[in-house]
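This report concerns only the one structure given below.
The values are calculated or read from the model by the stated rules, or taken from the named source; none is laboratory data. What you are looking at is a predicted structure, and each value in this text was computed from that prediction instead of being measured. Positions of Cβ are generated from backbone atoms using ideal geometry, with glycine treated the same way; all protein chains shown enter the neighbour counts. Heads up: the accessible areas ignore ligands, DNA and RNA and are worked out on the full protein's heavy atoms, side chains in. Shrake-Rupley method; radii C 1.70, N 1.55, O 1.52, S 1.80 Å.
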Amino acid sequence: AKGAGRDRVHLFTRELRDAARWRLEVATKLADPATYDQLEVHYQPIMHLPSGKASALEALIRWRHPERGLMMPDSFIPVAEETGAVVPMTRWLLDEVIRQTTEWAVEGVDVSVGINISACHLSSGTLVADVRRALSAHDLPADHLVLELTETSIAEDPVRGGEQMRELVAMGVRLAIDDFGTGWSTLARLLAMPMDTLKLDRSLLQGVCASDGVDVMSAIVALADSLRLRSTAEGVETLDQLRMVSEAGCDYAQGWLFARAMPAADLGRWMKARV
Ligand code: C2E
Ligand code: CA
Ligand code: CA
Ligand code: CA
């Protein structure tokens with residue numbers, strides 16, 4: 001039994017050592033352009049359903065490793081993100097993908113192309129310059145480039161990230177929210193419970209642009225309706241917000257516009273004054 005335990009420890013330390021070695025290899029190799037001839041870009045078509053045409057592509061990276069064979073992104077992208085190697089890798093990828101897509105355009109294949117951008121690239125501060133350089137090296141119209149960002153990477157650094165996103169959009173580049181819905185898995189699980197009411201957080205009312213706010217709120221209220229949940233808007237402080245909440249179709253509203261929380265005696269009086 002003692003021997004078995006020791007074997008397990010040996011196995012465990014060997015796994016740790018292998019993982020550490022792989023991390024080091026990813027960190028150094030993927031940060032080094034000399035390795036990039038081992039990288040392959042695969043493209044998956046995206047169909048425009050009304051026309052039935054493949055109008056767009058998504059670029060997906062693979063690593064043709066000399067010893068390990070064809071590596072899928074899940075086995076090296078997370079490590080490359082942690083170590084920052086994904087930034088120089090993506091710089092290369094932008095150039096390669098834009099070059100290839102421009103070549104297809106010359107051959108009469110008119111498609112836009114999506115590239116996956118990691119959160120650390122967005123916060124590194126070099127993304128805008130990297131994209132601008134790659135676009136100016138080739139003749140692809142900027143609106144043929146779509147940068148795919150995940151919900152979490154967009155939310156991670158809203159100030160710096162938002163600034164870069166606005167600059168990219170000003171250049172004509174398009175942005176996609178990738179993996180939308182994954183952050184909702186807990187919500188989906190919650191909604192499977194026998195709930196009666198969905199209470200909308202007051203942050204929804206604090207959006208800078210009230211007209212967008214109504215759209216978001218309407219969508220959430222529609223979701224609540226379809227699940228037969230009542231909807232309550234929290235944090236209603238102004239008449240404008242009340243108008244917005246009613247426009248969105250909320251069933252209930254709660255907030256300082258009507259009353260603050262108060263002690264029982266006051267509450268009793270408050271209620272009696274309104275009957
Ligand atoms: P995949 O090619 O294995 O890529 C997996 C994930 O690695 C991608 O998920 C993306 O997050 C990341 N990734 C790939 N290339 C890059 C890159 O160049 N840079 C960075 N930073 N990350 C990269 P994502 O974006 O959701 O891509 C869609 C995945 O789903 C791809 O897997 C694709 O091959 C796969 N897929 C497409 N259609 C289907 C399908 O019908 N069924 C299934 N099960 N998978 C599908
Ligand atoms: Ca993607
Ligand atoms: Ca995706
Ligand atoms: Ca609350």
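In debye to the nearest 20, how big a dipole does the range 29-135 give about its Cα centre with +1 on each Lys and Arg Cβ and -1 on each Asp and Glu Cβ?
100
Of all DSSP beta bridges located in the chain, what percent are antiparallel, nearest 5?
Working: 13 of 32 bridges.
About 40 percent, rounded to the nearest 5.
Between the range 98-176 and the range 65-79, what's the alpha-carbon centroid distance in Å?
A separation of 24 Å, based on Cα centres.
Which order do the peptides 225-234, 113-122, 100-109 come out in when sorted by mean C-beta neighbours inside 10 angstrom, highest first?
On the way: 225-234: 15.5, 113-122: 22.2, 100-109: 13.4.
Ranked by mean Cβ neighbours within 10 Å, highest first: 113-122, 225-234, 100-109.
Which whole-number value in Å² is the accessible area per residue of the chain, probe 1.4 Å?
Averaged over the residues of the chain, the accessible area is 61 Å².
Compute the relative contact order of the range 5-135 as a whole-number percentage, counting only Cα pairs closer than 8 Å that sit 6 or more residues apart in sequence.
Value for the range 5-135: 24 percent.
With the radius of gyration and the Kirkwood radius both derived from the Cα set of the chain, what is their ratio Rg to Rh?
Using Cα coordinates only, the ratio equals 1.12.
Which order do Glu58, Glu67 take when ranked by solvent-accessible area (1.4 Å probe, heavy atoms of all protein chains), largest first? Write out the running numbers ahead of the final one.
Values: Glu58 30, Glu67 150 Å².
Ranked from most to least accessible, the order is Glu67, Glu58.
How many nm separate the modelled label positions at Trp256 and Glu25, each set 7 Å beyond the Cα in the direction of the Cβ?
Here the answer is 5.9 nm between the modelled labels.
Stokes-Einstein diffusion coefficient for the range 128-275 at 25 °C in a medium of 0.890 mPa s, Rh from the Kirkwood formula over Cα pairs: what value in µm²/s?
Estimated diffusion coefficient is 131 µm²/s.
Go through Gly172, Gly3, His42 and say which Cα lies farthest out towards the positive end of the charge dipole of the chain; charges sit on Cβ, +1 for Lys and Arg, -1 for Asp and Glu.
Gly3
Using a 1.4 angstrom probe on heavy atoms only, work out the carbon and sulfur share of the accessible area of the chain in %.
57
So what is the 222 nm mean residue ellipticity for the chain from helices alone, if each DSSP H run of at least 4 adds -39500 (n - 2.57) and you divide by all residues, rounding to the nearest 500 deg cm²/dmol?
-15500 deg cm²/dmol
Mind checking the dipole of the chain: about its Cα centre, +1 per Lys or Arg Cβ, -1 per Asp or Glu Cβ, Debye to the nearest 20?
Numbers: 29 positive and 39 negative charges, 244 e Å.
Computed about the Cα centre, the dipole is about 1180 debye.
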